[in-house]
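Worksheet: one structure, shown below.
The values are calculated or read from the model by the stated rules, or taken from the named source; none is laboratory data. Just so you know, these numbers come straight off a predicted model, no measurement behind them. Don't worry about glycine lacking a Cβ; one is built from the backbone with ideal geometry, like all the others, and counts go over all protein chains shown.
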Amino acid sequence: MKEKSYWIGINLVKGIGAVRLRALLDYFGDAKSAWEATPAQLREAGLSKKIVEKFIDTRNKVDLDALWNEIAAKNIRVMTWDDADYPARLREIAQPPPIIYLRGEIRKEDAWAVAIVGTRRVTSYGRQVTEEVASFLAQNGVTIVSGLARGVDGIAHQAALNAGGRTIAVLGSGVNRIYPPEHRNLAESVAKAGAVISDYAPDTPPEGSNFPPRNRIISGLSMATIVIEAAQTSGALITANFALEQGREIFALPGNIFAQQSKGPNKLIQKGAHPLLHPRDILEVLDLTRITEHRSAQRTLPTDATEVQLLGTLTHEPIHVDEIRAKTGLAVEKVSSTLVMMELKGMVRHVGGMNYVSVGEMQGEYKA
């Protein structure tokens, strides 16, 4: 039986969260030993009598082999703390989820993520800003994280997809129980261009009490949380509070002081959140400008035969302009002026002494 199946079993025990699971792993050494422990051993490990009873009851009812096969049949991946690709930023928060169920894929580049959250009853103003901000960030290589809810969440996911970017949806239900139901097609698209994730087991229904805790994952995956529109008591404000506790940046959209949906963001700004005035402000505050420009440069194509010829000559090892000229047969003035333009595009880099190198993956990508 796979080790992860024991994690799943323990995670199904009500009353065992991140702290207690970590204590069990520290005490028993691994999830299998913890799952198979006697009631006395579980008590010695620090579990209360009531939780031990729930533990034994769950163990008696659950067929881990059958459960694992069922999850695999649904194309759901199980990720734990022990996985090397467990999101690094999420691992940094207090009590990160021990298990993440996901459809799709989380990549290293998703470390550059921003959460966009807000009201389900979004105004035309909020919709416009959400679309523009999500699209701008996605086009600049930033992954958009949200909760797949109606309103701001769904708009943010869709705008990221329309921009050809990556997006992650964090659910308050099992990843196979999409809520709201009208977002099933959206969820499928998100899974193809990112991931649909949850720390709730598959088939968990979308109960109201599930949503506030999942907001810590939305903010935990993200470098910053953007609140578009939200009442003063809303899930978006809960996400912002988690972001604050996690030491992450918060942006809020200024709005009409008389409008209910702007009271939340305006209050956040009053308390020190960054007012969202332009999408580029987000990149500058998060120091993402250079990174996104570099990513854009990696997608820049040579525009003429001279650039193609020079890229075919350059390698990751420094080459002097005179050697480049000799290899290409081009005039030194043509070589120098073209290299300057290529450096501005991010295609090559000057490393001193009139020596140049190919940037990143350019060499292999553009050689004929």
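Residue check: is T80 touching a residue at least 40 places away in the same chain (Cβ under 8 Å) and in the same structural domain as T239 (by TED's automatic domain parsing)? Spell out the reasoning first.
Numbers: touching a residue at least 40 places away in the same chain (Cβ under 8 Å): yes; in the same structural domain as T239 (by TED's automatic domain parsing): no.
It is false that T80 is touching a residue at least 40 places away in the same chain (Cβ under 8 Å) and in the same structural domain as T239 (by TED's automatic domain parsing).
I'm checking my understanding of the structure. Among residues of region 94-117 that are among the aliphatic types (A, V, I, L, M) and in contact with a Phe, Trp or Tyr (Cβ under 8 Å, 6 or more places away or on another chain), which one is surrounded by the most Cβ atoms within 10 Å (Cβ to Cβ)? Steps first, answer last, please.
Step one: filter region 94-117 for residues among the aliphatic types (A, V, I, L, M), giving 94, 99-100, 102, 106, 111, 113-117.
Retained after the next criterion (residues that are in contact with a Phe, Trp or Tyr (Cβ under 8 Å, 6 or more places away or on another chain)): 99-100.
Values: I99: 21, I100: 24.
So the residue we want is I100.
I'd like to know if region 84-103 contains one or more residues that are touching a strand residue (DSSP E or B) at 6+ places or on another chain (Cβ under 7 Å) and either small (G, A, S) or assigned to a helix (DSSP H, G or I) (or both).
There is no residue in region 84-103 that is touching a strand residue (DSSP E or B) at 6+ places or on another chain (Cβ under 7 Å) and either small (G, A, S) or assigned to a helix (DSSP H, G or I) (or both).
So which of E53, E70 is in contact (Cβ under 8 Å) with a residue 40 or more places away in the chain and either within 29 Å of the chain's Cα centre (by Cα) or surrounded by 12 or more Cβ atoms within 10 Å (Cβ to Cβ) (or both)?
It is E70.
Just the residues that are of a type outside the set (A, V, I, L, M), modelled with pLDDT of 85 or more and in a strand (DSSP E or B), please, taken from region 312-354.
Across region 312-354, the qualifying residue is only H320.
Limited to region 99-119, what total is found for residues that are modelled with pLDDT under 90 and either farther than 18 Å from S222 by Cβ or among the aliphatic types (A, V, I, L, M) (or both)?
Looking only at that region, the number is 2.
Yes or no: I218 of a type in the set (V, I, T) and assigned to a helix (DSSP H, G or I)? Spell out the reasoning first.
Numbers: of a type in the set (V, I, T): yes; assigned to a helix (DSSP H, G or I): yes.
So I218 fits the description; yes.
Looking for something assigned to a loop (DSSP other than H, G, I, E, B) and of a type in the set (S, T, Y) - is there at least one such residue anywhere in region 54-73? Walk me through how you get there before you give the answer.
Residues of region 54-73 assigned to a loop (DSSP other than H, G, I, E, B): 62-63.
Okay, now just the ones that are also of a type in the set (S, T, Y), so none.
Looking for residues that are assigned to a loop (DSSP other than H, G, I, E, B) and of a type in the set (S, T, Y), one finds none in region 54-73, hence no.
Please enumerate the residues belonging to region 322-355 that are more than 15 Å from V308 (Cα to Cα) and of a type outside the set (G, A, S).
As a first pass, look at region 322-355 and keep what is more than 15 Å from V308 (Cα to Cα): 322-323, 326, 331-333, 344, 349-355.
Listed by number, the residues that qualify are D322, E323, V332, E333, L344, R349, H350, V351, M354, N355.
I'd like the residue in region 11-43 that is more than 26 Å from the chain's Cα centre (by Cα) and of a type in the set (V, I, T) and, out of all such residues, is farthest from Y101 (Cα to Cα).
If we take residues in region 11-43 being more than 26 Å from the chain's Cα centre (by Cα) and of a type in the set (V, I, T), then T38 is farthest from Y101 (Cα to Cα).
Which members of region 83-118 meet the condition of being more than 22 Å from E245 (Cβ to Cβ) and either of a type outside the set (K, R) or free of Cβ contacts under 8 Å to residues at least 24 places away in the same chain (or both)?
In the first step, residues of region 83-118 are kept if they are more than 22 Å from E245 (Cβ to Cβ); the result is 83-85, 101-109.
If the condition is that a residue be more than 22 Å from E245 (Cβ to Cβ) and either of a type outside the set (K, R) or free of Cβ contacts under 8 Å to residues at least 24 places away in the same chain (or both), then D83, A84, D85, Y101, L102, G104, E105, I106, K108, E109 are the ones that fit.
Looking for something without any contact (Cβ under 8 Å) to a residue 60 or more places away in the chain and under 21 Å from Q95 (Cβ atoms) - is there at least one such residue anywhere in region 36-45? Write out each step before concluding.
Within region 36-45, the subset without any contact (Cβ under 8 Å) to a residue 60 or more places away in the chain is 36-45.
Then drop every residue that is not under 21 Å from Q95 (Cβ atoms), which leaves 42, 45.
Taking every residue of region 36-45 in turn, at least one turns out to be without any contact (Cβ under 8 Å) to a residue 60 or more places away in the chain and under 21 Å from Q95 (Cβ atoms).
I need a count of the residues in region 125-154 that are part of a helix (DSSP H, G or I), of a type in the set (S, T, Y) and within 23 Å of Y179 (Cα to Cα). So that I can check it myself, show each step before the final result.
First, pick out the residues of region 125-154 that are part of a helix (DSSP H, G or I): 125-139, 152-154.
Keeping just the survivors that are of a type in the set (S, T, Y) gives 125, 130, 135.
Going one step further and asking which of them are within 23 Å of Y179 (Cα to Cα), we end up with 130.
The total comes to 1.
Run down N256, N185 and say which single residue is in a helix (DSSP H, G or I) and not hydroxyl-bearing (S, T, Y).
On the way: N256 fails: in a helix (DSSP H, G or I).
Just a single option satisfies the conditions, and that option is N185.
Check S33, S5 and return the single one that is closer than 21 Å to Y86 by Cβ and at pLDDT 90 or above.
Numbers: S33 fails: closer than 21 Å to Y86 by Cβ.
After applying the criteria, what remains is S5.
Picking from V196, V133, which residue would you name as being within 12 Å of the chain's Cα centre (by Cα) and either modelled with pLDDT of 90 or more or closer than 16 Å to E105 by Cβ (or both)? Lay out the reasoning, then the answer.
Working: V133 fails: within 12 Å of the chain's Cα centre (by Cα).
So the residue among V196, V133 that is within 12 Å of the chain's Cα centre (by Cα) and either modelled with pLDDT of 90 or more or closer than 16 Å to E105 by Cβ (or both) is V196.
Give me the residue from region 215-241 that is surrounded by fewer than 22 Cβ atoms within 10 Å (Cβ to Cβ) and touching a Ser or Thr at 6+ places or on another chain (Cβ under 8 Å) and, out of that set, nearest to N176 (Cα to Cα).
It comes out as S234.
Can you tell me which condition G174 does not meet? The list is (1) of a type outside the set (D, E, K, R); (2) touching a residue at least 60 places away in the same chain (Cβ under 8 Å); (3) assigned to a helix (DSSP H, G or I), and all the others hold.
Status for G174: all satisfied but (3).
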